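K.L.:
One structure coming up, written as structure tokens, with questions to follow.
Nothing in this text is a laboratory measurement; each read-out follows from the coordinates by a stated rule. Since the structure is predicted, the reported quantities are computational estimates derived from the model, not experimental observations. With ideal geometry, Cβ positions are generated from the backbone for all residues, glycine too; neighbour counts draw on all protein chains shown.
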Amino acid sequence: MMFLMRLTAAGNLVQFDLAEPAQQLGVGPSRALFGMSLDELNTIALDLGEPAYRGQQIFDALYRQRADSLDAITTLPLSFRAALEAAGYSIAAPRIAQSFQSKDGTERYLVELADGRTVETVWMPEGDGTEEWGEDEEQSASKPYRRATICVSSQVGCAVRCQFCFTARMGLERHLTAGEIAGQVTAVLNRHDVEIGSARGQGNPDRINLVFMGMGEPFHNYDNFMDAFRLLVDGVGIPASRMTVSTSGIVPGIEAFAREPLRPRLAISLNAPNDDIRERIMPITRKWPIAELVKALKAVSLSPRERLTFEYVLLAKVNDQMQHAEELVSLIKGSGLRAKVNLIVWNPGPELDFAMPSPDTVAAFQAALRAAEIPAYIRRPRGLDIFAACGQLKRTVESSD
Ligand code: SAH
Ligand code: SF4
């Protein structure tokens with residue numbers, strides 16, 4: 001309660017609902033249909049004496065129509081729905097437990113999992129995590145569809161100890177399952193009544209981008225992450241080219257990623273122009289120095305218009321000086337990688353001993369990259385009034401409970 005009062009008194013945070021507690025979320029994850037692949041669903045149909053195509057019907061209902069209960073899957077005969085229920089199956093998709101709305105339209109959710117744990121998911125209308133402001137200035141207000149980006153978590157907490165990150169402070173609690181990763185997306189799509197493709201309507205379906213940049217390191221949870229990606233492409237219907245996964249630079253993960261026949265776009269949290277600085281803010285650099293990272297990235301073959309994204313969180317005095325920009329230019333040019341840079345203004349918070357760079361420094365850093373013909377965009381922090389940095393909302397809520 002203290003939390004609610006303190007924040008609403010500040011006048012900029014509105015908590016507008018509380019959903020059911022975890023015990024009402026249906027049976028445990030072992031019988032959760034949500035998250036299963038088409039093969040698994042086909043097997044369940046066959047095991048219950050139904051033709052395999054019933055598996056496809058469940059698949060479509062779970063991911064394309066985003067049904068929220070077995071009763072809502074009207075394509076299935078009543079007797080089969082009853083048999084599924086009797087066998088202990090339920091949809092059991094993750095649900096939004098708490099929502100926080102920012103003045104700039106950003107909405108941030110704590111999504112509750114079957115074990116009662118929560119992760120953060122963010123809805124950013126208009127704002128676009130992959131195309132960046134300035135790159136596509138068209139106003140969606142004049143269009144018959146909506147644009148939005150959803151930021152998705154891959155783990156509860158994170159084992160990578162980046163010094164500037166709130167999620168790092170939690171350590172790793174556990175990996176998310178494929179259903180828990182994809183389920184964050186469907187929960188948010190349902191909340192906003194989004195139409196993807198033509199399954200839920202004709203005409204101009206909404207343009208949704210996904211960024212896997214929430215809590216956690218996706219490449220530490222590689223298989224579940226890629227399974228979720230495939231469910232989102234084949235099931236939910238979001239094109240692979242509209243998704244971007246961000247990694248802190250887990251080299252074996254990048255190597256596996258390079259071999260995938262279908263994959264999202266790739267962003268790498270570089271955050272420093274050399275190993276010395278990077279090691280200080282991202283100790284994982286000791287394991288995989290920048291040269292090894294670059295080598296692994298070279299094996300990722302890019303489609304004709306695709307670029308890698310280097311994310312670079314600007315930390316005052318640490319990595320935001322002109323000499324750092326120049327070093328970054330040499331690093332990128334020297335690597336031969338086709339890359340753009342997303343400059344992220346560090347989002348401050350308690351317990352973290354860094355400072356935000358000044359707007360002039362940020363502008364000068366961007367100008368230096370652009371002068372060298374490296375595309376560079378400034379990612380303005382969204383929803384600052386609702387603790388928009390990775391992991392910040394969850395920590396704030398938990399520490400005030
Ligand atoms: N673990 C992955 C994806 C999640 S973090 C990764 O590190 O890439 C997503 C992005 O948020 C990363 O680029 C990270 O550097 C950045 N980030 C983390 N804490 C931040 C903060 N306090 N302010 C701004 N950006 C932050
Ligand atoms: Fe983990 Fe990414 Fe945070 Fe680093 S920045 S601790 S990899 S979530």
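K.L.:
Within a Cβ distance under 12 Å of Glu85, other residues only, what is the Lys/Arg minus Asp/Glu net charge?
P.N.:
+1
K.L.:
Take the Cβ-Cβ distance between Glu351 and Glu173 as r, set R0 to 30 Å, and report the resulting FRET efficiency rounded to the nearest 0.05.
P.N.:
In this case the efficiency is close to 0.95.
K.L.:
If you don't mind, another one. To make sure I understand, if each residue's beta carbon is the centre and we count other beta carbons within 10 Å, what order do Trp346, Trp288 fall in, fewest to most?
P.N.:
So the ranking, lowest neighbour count to highest, is Trp288, Trp346.
K.L.:
Let me ask something else. Once you put a point 7 Å from the Cα of Ala363 and another 7 Å from the Cα of Glu292, both along the Cβ direction, what distance in nm separates them?
P.N.:
4.1 nm
K.L.:
Still on this structure, please answer the following. For the stretch 87-95, in order, what is each residue's ³J(HN,Hα) by Karplus, 6.51 cos²θ - 1.76 cosθ + 1.60 with θ = phi - 60°, in whole Hz (x at glycine and Pro)?
P.N.:
Karplus values, whole Hz, x for Gly and Pro: 7, x, 7, 8, 6, 6, 7, x, 10.
K.L.:
Calculate, axis by axis, the spread of Cα positions in the stretch 165-241 along the three principal axes, and write the results as whole Å, longest axis first.
P.N.:
Dimensions of the stretch 165-241 along the principal axes of its Cα atoms: 45, 23, 19 Å.
K.L.:
Quick query: amide H of Ile378 versus all other amide H atoms, modeled in the peptide plane; which residues come in under 5 Å with a sequence gap of 5 or more or a different chain?
P.N.:
Those lying under 5 Å, H to H, from Ile378 are Leu343.
K.L.:
Ordered by residue, what ³J(HN,Hα) values in Hz, to whole numbers, does the stretch 331-345 give under the Karplus form 6.51 cos²θ - 1.76 cosθ + 1.60, where θ = phi - 60° and Gly and Pro are x?
P.N.:
4, 5, 4, x, 6, x, 7, 7, 9, 10, 10, 9, 8, 10, 6
K.L.:
Scan the stretch 306-371 for trypsin sites (Lys or Arg not before Pro) in coil per DSSP, keeping those whose Cβ has at most 13 other Cβ atoms within 10 Å, and list them by number.
P.N.:
Within the stretch 306-371, the qualifying trypsin sites (Lys or Arg not before Pro) (loop, at most 13 other Cβ atoms within 10 Å) are Lys317, Arg338.
K.L.:
Further question: When a footprinting reagent is the concern and you count Cβ atoms within 10 Å, what order do Ser301, Ser330 take, fewest first?
P.N.:
Lowest count first: Ser301, Ser330.
K.L.:
Taking H placed 1.01 Å from N in the peptide plane, check which residues at least 5 places from Ser246 or on another chain put their amide H under 5 Å from its amide H.
P.N.:
Long-range HN contacts for Ser246: Phe212, Ala267.
K.L.:
Additional query: Which trypsin sites (Lys or Arg not before Pro) from the stretch 191-288 combine a DSSP loop assignment with at most 14 other Cβ atoms within 10 Å?
P.N.:
Arg259, Lys287
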